[in-house]
Amino acid sequence: MQSKGLRLIGGFGYTPQRSLAACKIRVEVGQKVMRSKNIASVVGALALCVGLGWTVVAQDAKPQKNWKDRAEYDMADAANKAAAKERLALLDKWKAGYAQTEFADEREDLYLITYSELGDCRRAFDKSVEIQKARPKHERAIAVIIGCIQTFNPPSAADYDNALRVAKFAMDNINDIYADANKPAGGQFAASKADTQQKALMLPGWAAFNRKDYPKAETELTAILKTDPSQAQASNMLANSLVSQQKEQPAKVPLAMFQFARASAYDGPNSLPAAGRKQLNDYLTRIYTSYHGSAQGLDQLLAVAKTNAVPPADWAGIKDKNTLDREAQEEQEKLDAQNPMKTLWVKILKTPLTAADGDAYFAMNVDGFGLPGGVNGVNKFKGKIISMTPANRPKEIQLAIEKADIPDAILKFDDPLPGKMEPGEDLEFSGTAKSYVKSPFMMTFEVEPADLVGWTGKNTGGATKGKAAPGAGATKGKAATPAPATKGKQVK
């Protein structure tokens with residue numbers, strides 16, 4: 001199967017909507033909360049604290065911070081009150097004039113807020129890395145790092161290292177990061193905690209996938225789904241990771257289709273949007289039908305995947321069309337070996353005779369030959385009586401050879417047979433092929449009574465019951481020979 005894979009619906013989907021309000025600058029009296037429209041459209045709608053209401057005296061119980069002089073306060077206050085575009089220059093001026101200040105943390109936070117307001121993920125990320133190294137449990141810095149990484153095209157090795165390091169730290173320390181003592185006034189800590197935890201969980205798989213390290217992505221994403229089966233985007237990325245390995249490992253294609261089925265069928269928490277699921281379902285239907293040879297089994301696959309993020313232990317997998325064809329051929333060969341007579345009738349007679357060039361085949365290979373004549377070791381055809389003409393002392397019998405209730409052979413005799421038999425009883429014969437009809441298929445044979453086995457001749461009016469009718473002799477017609485290949489086609 002050739003597949004280009006499927007573009008990830010909505011990308012990794014990092015859209016942390018956490019509060020950056022209540023920046024905890026410990027000199028605040030009042031607070032004006034503003035929201036960034038976007039940060040490179042990924043770290044969306046961040047609540048940002050600006051307008052910090054600077055005062056000279058701290059308003060909480062923690063150690064008081066002091067300005068070095070009134071000039072420093074004025075610089076900080078001007079920066080705090082300015083719009084984002086003007087604020088950076090004022091922050092830089094403050095930093096140049098007062099590199100050492102008791103309000104260094106607050107100034108760094110205000111830099112981060114400003115970059116976020118400006119939608120500058122690059123500088124927001126870099127500033128967050130600085131802040132998080134100094135204050136590891138800084139919730140806003142962690143949010144920006146694991147949010148902005150996906151906007152870089154491409155991220156640098158250092159970007160990946162920092163984001164992965166922070167994601168692991170967040171997973172290991174999530175409860176401490178979101179302890180009540182750290183909760184900002186009016187903040188939505190519960191939602192922020194769940195969001196950070198989800199994004200941190202997903203990041204190793206996304207990073208490996210984005211780096212095109214598909215074996216590692218497979219490992220990471222599988223682990224993610226075992227930890228949190230609801231992550232449909234992980235299923236989508238895992239499916240693409242598996243498809244991307246199909247050239248070297250074709251056996252991964254069925255696993256990829258399972259994950260496409262999961263991403264398209266699952267509609268619970270963290271599922272893909274309905275439009276995305278529809279797109280995936282259409283794509284899955286195409287590749288499944290191409291791979292499997294039909295849509296048979298697709299509904300069952302979707303049902304299993306909807307309730308299982310990874311294949312269950314008893315999942316039978318998906319067989320490709322070549323495998324199914326080979327297995328069918330092997331099974332047919334077993335059946336053919338068990339019934340060589342029927343194989344001869346269907347494959348060497350019926351199939352080529354009902355083809356477009358059937359008349360030519362009959363003229364060259366069948367007409368006038370004594371059949372079956374030992375072809376494939378078969379010396380007699382066997383069938384069930386369908387009808388006799390006349391009903392008593394018949395000169396013509398219709399037999400069903402391929403299927404027990406469908407006549408496909410007519411046996412004609414020069415002289416009437418003694419008595420009669422009942423429909424459904426078995427007869428064996430050999431005879432000379434005289435004619436055929438394509439549809440419904442019917443072959444006509446001239447048969448000598450001596451070449452008929454199984455005729456009981458009930459109500460014979462004197463004939464000996466159970467013995468073959470008199471008149472045994474050689475088969476009329478030419479000696480039988482195995483059917484040769486038709487021109488341009490091999491007969492099987």
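Where a number appears in this text, it was derived from the coordinates with a stated rule and is not lab data. The structure displayed is predicted, hence computed values, not measured ones. No Cβ is skipped: glycine too gets one built from the backbone with ideal geometry, and neighbour counts run over all protein chains shown.
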Dimensionless Rg/Rh of the range 80-183, both radii on Cα and Rh by Kirkwood, sits at 0.99
Expressed in nanometres to one decimal, the distance between label points 7 Å along Cα→Cβ at ALA157 and ASP414 is 9.7
Quick calc: nm separation of the 7 Å Cα→Cβ label points for LEU118 and ALA313 -> 5.8
Straight-line reach check, LYS306, cutoff 14 Å on alpha carbons, 8 or more apart in-chain or any other chain, hits among aspartates and glutamates -> ASP267
Residue separation between GLU428 and ILE406 times 0.36 nm, minus their alpha-carbon distance, gives in nm 6.3 nm
Here, GluC sites (Glu not before Pro) of the range 195-296 satisfying both criteria (DSSP loop; at most 11 other Cβ within 10 Å) are GLU248
Here, ASP92 and ALA194, labelled 7 Å along Cα→Cβ, have an inter-label distance in nm of 4.2
Using alpha carbon centers only, the range 253-324 is separated from the range 204-245 by a whole-angstrom value of 16
Taking a label point 7 Å from the Cα of THR456 along Cα-to-Cβ, the residues of the range 372-414 whose backbone nitrogen sits under 14 Å from it are 385
The extension gain from GLU396 to ASN379, computed as 0.36 nm times the residue separation minus the Cα-Cα distance, is 4.0 nm
Among trypsin sites (Lys or Arg not before Pro) in the range 154-239, those in a DSSP loop whose Cβ has at most 12 other Cβ atoms within 10 Å are LYS212
Taking N as the residue count of the range 341-455, its alpha carbon Rg divided by 2.2 N^0.38 Å gives 1.00
Taking 0.36 nm per residue of separation between THR227 and MET364 and subtracting their Cα-Cα distance, the length gained on full extension comes to 42.3 nm
